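Notes to accompany the following structure.
The values are calculated or read from the model by the stated rules, or taken from the named source; none is laboratory data. Remember, it's a predicted structure, so these values are computed and weren't measured experimentally. Every residue, glycine as well, gets a Cβ built from its backbone with ideal geometry; the counts of neighbours run over all protein chains shown. The area values use the complete protein model at the heavy-atom level, side chains included, leaving out ligands, DNA and RNA. Shrake-Rupley method; radii C 1.70, N 1.55, O 1.52, S 1.80 Å.
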Amino acid sequence: MNDMIKLTIDGLEVEVPQGATVLDAARKANVRIPTLCFLEEINEIGACRMCVVETGARTLQAACVLPATQSMVVKTNTRRVRHARKTVLELILSNHDKKCLSCIRSQNCELQRLALELEVTDDNAFTGERIEYPLDDLSPSIVRDNNKCINCRRCVSTCYTTQAVGVIGPIDRGFETSIETAWDTPLSETACIGCGQCINACPVGALREKEESPKVWKLLHDPDKIVVVQTAPAVRAALGEEFGLPMGTNVTGKMVAALRRLGFDQVFDTDFTADLTIMEEATELIGRIKNQGVLPMITSCSPGWVNYCETFYPDFIPNLSSCKSPHEMMGAVIKSYYAEKAHILPKDIAVVSVMPCTAKKIEAGREELAANGYPDVDAVITTRELARMIRSNGINFLNLKDEDFDNLLGDSTGAAAIFGATGGVMEAALRTAYEIITGETLQALDFHAVRGLEAVKEADVKLGSLSLKVAVAHGTANAKTLLDSIRAGEKTYDFIEIMGCPGGCVNGGGQPIVSAEERLRHDPRIYRAKALYAADAGMTYRKSHENPGIKRIYEEFLGEPNSHKAHQLLHTHYTPRNKYKYREKSVS
Amino acid sequence: MRPRDVIKTLKDSGLRGRGGGGFPTGIKWELCAKSPGEKKYVICNADEGDPGAFMDRSVLEGDPHALLEAMALCGYAVGSDEGYIYVRAEYPIAVKRLEIAIRQAREYGLIGQNILGTDFSFDLHIRLGAGAFVCGEETALMTSIEGNRGEPRPKPPFPAVHGLYGKPSNINNVETFANVPQIILNGAAWFKGMGTKRSPGTKVFALGGKINNTGLVEVPMGTPLRTVIYDVGGGIPKGKKFKAVQTGGPSGGCIPASLLDVPIEYDSLVEIGSMMGSGGMIVLDEDNCMVDIARFFLDFTVDESCGKCTPCRVGTRRMLEILNRIVSGHGQEGDIEKLEQLAESIMDTALCGLGQTAPNPVLSTIRYFRDEYDAHIRDKHCPSHHCKELLHLEITDKCRGCTACARVCPAGAITGESRGQHVIDTEKCIKCNSCIEKCRFDAIIKV
Ligand SMILES: Cc1cc2nc3c(=O)[nH]c(=O)nc-3n(C[C@H](O)[C@H](O)[C@H](O)COP(=O)(O)O)c2cc1C
Ligand code: SF4
Ligand code: SF4
Ligand code: SF4
Ligand code: SF4
Ligand code: SF4
Ligand code: FES
């Protein structure tokens, strides 16, 4: 059944396998068809009608959902097609706020780009009523601005399909159709986990992170504050894209230099506390195994996942590792260990986290994450926000000379570097757990079974005499599949890594946005992860427990992993959450 | 009869879908029968969303067993053991009678396991629609049965391949199904003996509007429109002049007097810019403004658009806005061209039949009644004196000064001495026409 389908597109012959769409065939023939609502494998609903082509059928057909058939003759650039596409685009513009000058997505907006490409000369070709929507900005993570929404539903499918959350969808009909939450409550009162995957899916500026850069500017301009910044492993693998560098360029040195230019007093590396997390988490895992604790233990460093677990799978809360996520550990350590060393009062320190993630914004506001009487982290900005700050400060990023992190909390290992990719935390933990358990040096450091983009990865790992069943899931829909199989008793594991975003933090909701079309050529999950694995391979130390700074902090300050002090500073607890938060309110 | 004999009879009969598209029913069943798959569904479209139509309802209420029999036959022919009837919740009596009929048929062993002792089994469920017009569109209907927001899906893949729950499905209209048992009973030749070559059989229409005999009428296909309107329908009331007949429901077109001799057939109606639709037929007389009629029908489809695809969601709304401004006297030169341009793109790009046909009433009225559009736009005048904002009332010198009009006017717009000429203050007049009706001397006219 591997019959190939032959068709012609604009006179070019092309062969595609069964099941391919006309859009696939066009790509193969190097014919570009504009798209808007299409997001491969996630949103293939043929809604926007930008991609219409002529096939001889009575009406034009949407190439993105049209199966290619034998001997089909497709025309993509006739007068009829061009006229139709332009009209469709002009109709979208007639119900769009068109405030490009103040729009966060300007120059990275699929709608704006199409308007230029299709030679729209009058963005008021069709005028008429526009509905004004209020801004939904109550969530600490996500801002929804329906005045820019083009109803493509890429966010809806992402939230539903890849995240298995499903808190946004179309309501009303016809011209009044808009993307809303159930009962039109603010997103903050739904079961939204703040993952930000909807933002990355949105072709326009209708979804964005709740910006904290204004707060960060204020802190930087406050003479009484020592402002300390930390950057997550995945940020350095993607920040360069914002400045035109190819996907997968590692820009650690320039990033550190830029942060100093921005005026941060100390630039620390969340990789350091990723190593610290491994020390704590590997020890916790061994403890659970030895003491018949709750298994499987599940990682807790992804706040999108933690929110999901608390809301949808509260029965798995006892399985969550009690470890705080690395940037929260860093905040706690900065306001204790660093504060002591630098003779600064914790109250005078502000910790800013640069994260690939929007859920970390919700996380930073959790009351229980305040080990020293102050929030561990004071502000969280995304990779995109950092890029905007760098640009607005007039820093010529590409010409910066590489600089190193500040010493005290700046050392890291290859194990920490790979935290940003799915499977990375598992791999890092296994490297350390192996050596703790066996007391021997691990020779084969790469655990290939847990790398890559398979939905759920499983492996049997031997740590000396101990054999562990492990699993890795990324994207909460895959987490759901995994947890359901455990709930149903079909599977048992000892240790599980879950990251809320598909591909892990490299593809977090705060990372540079990659257009639907570019995703087809360069999957950010693959390219950015490569940068991290390359960094790992090139590091002097590749196991968390070898990190000299980590050895120092245990010697000088924490004692040993899972010590009382470590627990007080580095561990946390979780609370079941209602899916319908507005109900909590109306009841109380 | 083997399944393929059922299909052959149906193909030979030339029966075409009565739900609107006129697709040959035998071929549809054959496609579904040939489509690979263990599980298949038979669906009856009883959503009947066209405003004013009740052809399907009459069958559902009057002879539900005809439908059940046809669906079981369909199940037998295509290889399906399960059917759904999707009926609008606004038809409570139809639903009740269907439920009774299904119960009776089960009791008699006419549906259920091993029908009449054979190894053929077929059972039925009823699903209620919430009255959205678009849920009559077959893919939206299936999406709705699946429990999702009633929105169409792109075709292809067609229901015969990928239908309800992704399984091969055959969907037909109530009236289509109702023809099937008779065809199987009496043979294809009997059926072809009625109607025309391209459209055999009869068709039920819901006749309404400015016509003496309103209600359901059943005529052989090929009957000229004139016969239906003047013979069956008894002509136009009050001696008014016929202006047009709108067929095909809200997305059909308006047919002018000059084309009244066109035979009613699927293809001939499409050729003249209208369509058969499910059988709505609304007669319009000289008092109807054709621009306003177009506006009225478009208003319906704009309201009923599901909002999934851009051209229908935004485009039909923009067309409606233009029509609204034309009927209110704010039309501009170029509006007709803009309407045509939008219509062309919407028909060409909309995802489903609703959007693809929504511009029909506008295009057909532009085609046959362009002068009315011009009068509204250029002269700010409604030739039928229908559009209120373009209407002015005047009292001519026939006025005898009886004061009847001044006394009836709710707006106090009429002044004049007793026995003297009365005048209307057009600023105050709310165009309620009470004065015209009151005046015994026909002194008040619309201009
Ligand atoms: C907007 C829209 C509404 C429709 N409504 C109905 C309906 O109410 N009843 C119906 O039988 N078909 C309706 N149809 C047609 C169906 O999609 C489908 O073609 C029909 O059920 C097929 O049955 P048939 O082949 O027996 O005509 C509608 C189509 C569109 C595009
Ligand atoms: S979403 Fe795009 S087109 Fe719209 S205002 Fe923003 S940049 Fe401009
Ligand atoms: S942030 Fe995540 S959970 Fe919330 S609406 Fe977006 S995709 Fe859904
Ligand atoms: S918010 Fe963005 S992704 Fe969602 S429907 Fe609107 S434009 Fe599309
Ligand atoms: S044409 Fe209209 S009704 Fe049909 S899918 Fe598009 S928006 Fe929905
Ligand atoms: S139409 Fe009505 S409001 Fe106008 S003058 Fe006559 S009675 Fe008065
Ligand atoms: S319909 Fe194909 S991209 Fe939207």
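Values as computed for the structure displayed
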quantity: Any strands (runs of 3 or more DSSP E) falling wholly within the stretch B:108-216 and containing at least 3 residues that are buried (at least 23 other Cβ atoms within 10 Å of the Cβ); calculated: B:169-173, B:202-209
quantity: Residue, nearest to residue B:400 (Cα to Cα), within the stretch B:416-447, restricted to residues that are of a type in the set (Lys, Arg) and open to solvent by 100 Å² or more (accessible area, probe 1.4 Å); calculated: B:419
quantity: Subset of the stretch A:26-45 (residues that are touching a residue at least 60 places away in the same chain (Cβ under 8 Å), more than 16 Å from ligand 2 (Cβ to nearest atom) and either open to solvent by 90 Å² or more (accessible area, probe 1.4 Å) or within 13 Å of another protein chain (Cβ to nearest Cβ) (or both)); calculated: A:27, A:38, A:43, A:45
quantity: Considering residues of the stretch B:27-74 that are part of a helix (DSSP H, G or I) and within 21 Å of residue B:144 (Cβ to Cβ) only, the residue nearest to the chain's Cα centre (by Cα); calculated: B:56
quantity: Only one of B:98, B:116 that is touching a Gly at 6+ places or on another chain (Cβ under 7 Å) and of a type in the set (A, V, I, L, M); calculated: B:116
quantity: Residues satisfying the stated conditions in the stretch B:116-155, i.e. in contact with a Pro (Cβ under 9 Å, 6 or more places away or on another chain) and farther than 19 Å from residue B:51 by Cβ; calculated: B:138, B:139, B:142, B:143, B:149, B:151
quantity: Any hit, the stretch B:139-147, residues being within 16 Å of ligand 7 (Cβ to nearest atom) and more than 25 Å from residue B:81 (Cβ to Cβ); calculated: no
quantity: Out of B:345, B:305, sole residue that is within 14 Å of another protein chain (Cβ to nearest Cβ) and touching a His at 6+ places or on another chain (Cβ under 8 Å); calculated: B:345
quantity: Residues within the stretch A:392-429 that are over 22 Å from residue A:552 (Cβ atoms), surrounded by fewer than 24 Cβ atoms within 10 Å (Cβ to Cβ) and not hydroxyl-bearing (Ser, Thr, Tyr), tallied; calculated: 10
quantity: Members of the stretch A:88-111 found to be in contact with a Ser or Thr (Cβ under 7 Å, 6 or more places away or on another chain), more than 16 Å from ligand 7 (Cβ to nearest atom) and more than 10 Å from chain B (Cβ to nearest Cβ), listed by number; calculated: A:100
quantity: Contacts under 6 angstrom Cβ, first residue in the stretch B:134-146 being among the acidic types (Asp, Glu), partner within 16 Å of ligand 2 (Cβ to nearest atom), 6 or more apart; calculated: none
quantity: Test for residue B:394: is it touching a strand residue (DSSP E or B) at 6+ places or on another chain (Cβ under 8 Å), under 26 Å from residue B:433 (Cα atoms) and open to solvent by 10 Å² or more (accessible area, probe 1.4 Å); calculated: yes
quantity: Residue in the stretch A:80-87 that is more than 18 Å from residue A:150 (Cα to Cα), of a type outside the set (S, T, N, Q), more than 9 Å from every other protein chain (Cβ to nearest Cβ) and buried (at least 22 other Cβ atoms within 10 Å of the Cβ) present; calculated: no
quantity: One residue from B:368, B:373 being more than 16 Å from ligand 6 (Cβ to nearest atom) and touching a Pro at 6+ places or on another chain (Cβ under 7 Å); calculated: B:368
quantity: Qualifying residues in the stretch B:348-368 (those that are open to solvent by less than 10 Å² (accessible area, probe 1.4 Å) and under 22 Å from residue B:256 (Cα atoms)) - the one farthest from ligand 1 (Cβ to nearest atom); calculated: B:366
quantity: Yes/no for residue A:114 being within 14 Å of chain B (Cβ to nearest Cβ), within 21 Å of residue A:513 (Cα to Cα) and open to solvent by less than 70 Å² (accessible area, probe 1.4 Å); calculated: yes
quantity: Candidate set: the stretch B:1-26, residues that are outside any helix (DSSP H, G or I) and either among the small types (Gly, Ala, Ser) or within 16 Å of ligand 6 (Cβ to nearest atom) (or both); chosen: the one farthest from the chain's Cα centre (by Cα); calculated: B:14
quantity: Of all residues making up the stretch A:117-129, the number that are surrounded by 13 or more Cβ atoms within 10 Å (Cβ to Cβ) and in contact (Cβ under 8 Å) with a residue 40 or more places away in the chain; calculated: 1
quantity: Residue in the stretch B:251-259 that is within 30 Å of residue B:372 (Cβ to Cβ), more than 21 Å from the chain's Cα centre (by Cα) and not in a loop (DSSP other than H, G, I, E, B) present; calculated: yes
quantity: Among residues of the stretch A:50-79, those that are over 22 Å from residue A:112 (Cα atoms) and at the interface with chain B (Cβ under 10 Å from one of its Cβ atoms), counted; calculated: 10
quantity: Scope the stretch A:4-25; condition away from chain B (no Cβ under 14 Å) and either within 16 Å of ligand 2 (Cβ to nearest atom) or open to solvent by 20 Å² or more (accessible area, probe 1.4 Å) (or both); matching residues; calculated: A:4, A:6, A:8, A:10, A:11, A:12, A:13, A:15, A:17, A:24
quantity: Test for residue A:132: is it of a type outside the set (Val, Ile, Thr), within 16 Å of ligand 7 (Cβ to nearest atom) and open to solvent by 40 Å² or more (accessible area, probe 1.4 Å); calculated: no
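Residue-by-condition table, conditions (1) within 16 Å of ligand 2 (Cβ to nearest atom); (2) of a type outside the set (Lys, Arg); (3) in contact with an Asp or Glu (Cβ under 9 Å, 6 or more places away or on another chain):
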{"residue": "A:144", "(1), (2), (3)": "yes, no, yes"}
{"residue": "A:155", "(1), (2), (3)": "yes, yes, no"}
{"residue": "A:158", "(1), (2), (3)": "no, yes, no"}
{"residue": "A:195", "(1), (2), (3)": "no, yes, no"}
{"residue": "A:198", "(1), (2), (3)": "yes, yes, no"}
{"residue": "A:225", "(1), (2), (3)": "no, no, yes"}
{"residue": "A:228", "(1), (2), (3)": "no, yes, yes"}
{"residue": "A:235", "(1), (2), (3)": "no, yes, no"}
{"residue": "A:246", "(1), (2), (3)": "no, yes, no"}
